[in-house]
Structures are given as C-alpha cells and as structure tokens.
Amino acid sequence: MAWSPWSSTSSVPRVTEYDLDNSDEACKITPAVPQTLGRVGKQELDFSPMDEIVTFHVGSGDDEKKFIVHKSLACQVSPVWEKAFNRAFIEGQTLSCTLLDVKPNPFTLLVKWIYGRDLDTEATKVMKILSGLSGSAKDDENEKLQKTVDDQDISLIQLWILADRLLIPHLQGDVIKILKSRRAASQWNETESRRKRVSLYRPSYQWFPTVFENTKLDSPLRDYTVHQAVFYLDAKTFQEHPECFPKALLLRYAEFTTERTRRFQDMHVDIRPSRRPIRLIH
C-alpha cells in the first residue's frame, strides 16, 4: 500500500509538517536556518557529491509518476528532505518518498528548477505571441494558446504551495517573478508611433480557489491573488466565473478596496486659484 510522508498511521516515523512544527521530535530536527530563509539558493548548490539518488512517487492512480533526483541536491534544496533522508525516518531507510497529494506537473517543474532548467519555456513562447511581441495567431488559435498559459499558471501556483511545504523560499520567489511577467504582458506595449493595447493575453484566475484552499490566512500568495483580482480583472469575469472567487478572496478584496478608497479620500489637493496680486502695467 502506498504511503505519504505527510500523513501516516504507520509505526515507522516519517517526516510530516506536524513533526517539523509541533512534536517533541521537531525540537531535535528543526533546521538550523530560519524557515523563512529556506535552505540554500539554487545558485549555491554543490553538485560534487552525486553518489546517491532518491526516488519520488508523485500523485496517485493513473496520474502517478516516478522521479529520480540526486539525494545531495534534494537535501540541499529543502530542509524537510534533508531531515527526511538523513534521519531515522522511513524515507532515509528506503531512499524513497511518496507524495500522494502532489500533482506530477508542479513536481516536474520543481525537478527542473533543482537542475537549473527554465521553469516556463513553453508558456514563455506562447506569451510572446499573445502579447504581440513575436509572430501572430489566428483568432481560433488564441483560446488554445491562452489555455496553455492558464494550465501552466495553475502548475506554477501548485509549485509555490509545494515549495511552501518544503521550505524553499527561493523557488517561491522565482514563481512570483514569472507570474508578474504575465501581468506585464497584459498591459501596454510600445507600437510604432503611439502606445496601444495590443496584447491578447488575459490574466488567469482559474487558480484562485487553489490558493485559498491550500494557504494560511497570512500567506503572501493570498495577497498576490487579491492584487491580481483588483487590478487585472474586469467585472465581467467575476460575473461569468463566480466559482473562481471564494468567499475569503472576496472579503480580502473588499478590505483592500475599502482601505484604498479611504486613503484616496484622505488625500488633500489644493485646487484653489492663486491669490497672487495682479500687477497693472501703466
């Protein structure tokens, strides 16, 4: 029977989020570095000790996929994996780890990131077409191209959430940079003689429920999601896709817009005419 390192009833100890945060054992295995800083930056990885490998079984059922990663790199990237594979947990004994609740697509991106590959090659090419910067597409192809980017955005959001569980803030930062580049493409592009909106890309929103289902109240990803909803979506999107806007998001949306409105009202701008004396010329 497949097991998950995140939730288990087995007598064999496994690394779990509970172990790292609350249990007595956690006091012994808490990473030496602050959790907010993570383990090590991708550019700082040491590729010299590459003797052992670990196997990850990701997903369940027909979606299950196996990944092979060098143990030293996995341990350098994540303090969770470093403790799992080097302490008296079943992951360390078997050099394998099963993640039943993780999708293969975001884990594929994680492996790419570990080995220094671009996270967003395919979607980047599509974005250049949609934003009018490279080539062009027929009207019936635009929706297909848009879906390619939307699907990739969902995988990136799932990757951010996975990186949060594994304490890899450097990866979280890289994901946000990619998502911000999407938003820039939906803005104004320079044309020959004047600024004109030529982008066909629509900022994605399908991943909003995923964020609010898998993050805590104070998560920065929630703040990013609200910012996306406030500044980059129109009212029609809210009306046509209400399932994409959970109650918690709408409450944060209302708080954000109310605060900004009050701040704007508090601004004082003196528009009275000048009272300088008029000098008469004789």
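Here is the figure for the stretch 72-110: residues that are over 28 Å from Asp153 (Cα atoms) and not in a strand (DSSP E or B) total 15. Of the residues in the stretch 162-182, at least one is at pLDDT below 80, assigned by TED's automatic domain parsing to the domain that holds Leu109 and either basic (Lys, Arg) or over 14 Å from Ser204 (Cβ atoms) (or both).
Suppose we keep only residues that are touching a Leu at 6+ places or on another chain (Cβ under 8 Å) and modelled with pLDDT under 90 within the stretch 183-212. Which one would you say is surrounded by the most Cβ atoms within 10 Å (Cβ to Cβ)? This residue is Tyr201.
Yes or no, residue by residue, for (1) on the phi > 0 side of the Ramachandran plot; (2) over 19 Å from the mean Cα position of the chain (by Cα); (3) of a type in the set (Val, Ile, Thr):
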| position | (1), (2), (3) |
| --- | --- |
| Ala74 | no, yes, no |
| Ala84 | no, yes, no |
| Ala88 | no, yes, no |
| Thr94 | no, yes, yes |
| Leu119 | no, no, no |
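The residues in the stretch 213-252 that are more than 22 Å from Asp164 (Cα to Cα), among the polar types (S, T, N, Q) and crowded, with 18+ Cβ neighbours inside 10 Å can be counted, and the count is 0. Just one of the listed residues (Lys65, Lys83) is within 19 Å of Ile168 (Cα to Cα) and in contact (Cβ under 8 Å) with a residue 24 or more places away in the chain, and it is Lys83.
The values are calculated or read from the model by the stated rules, or taken from the named source; none is laboratory data. None of these values were measured; they are calculated from a predicted model. Counting neighbours? That spans all protein chains shown, and the Cβs are built from the backbone with ideal geometry, glycine included.
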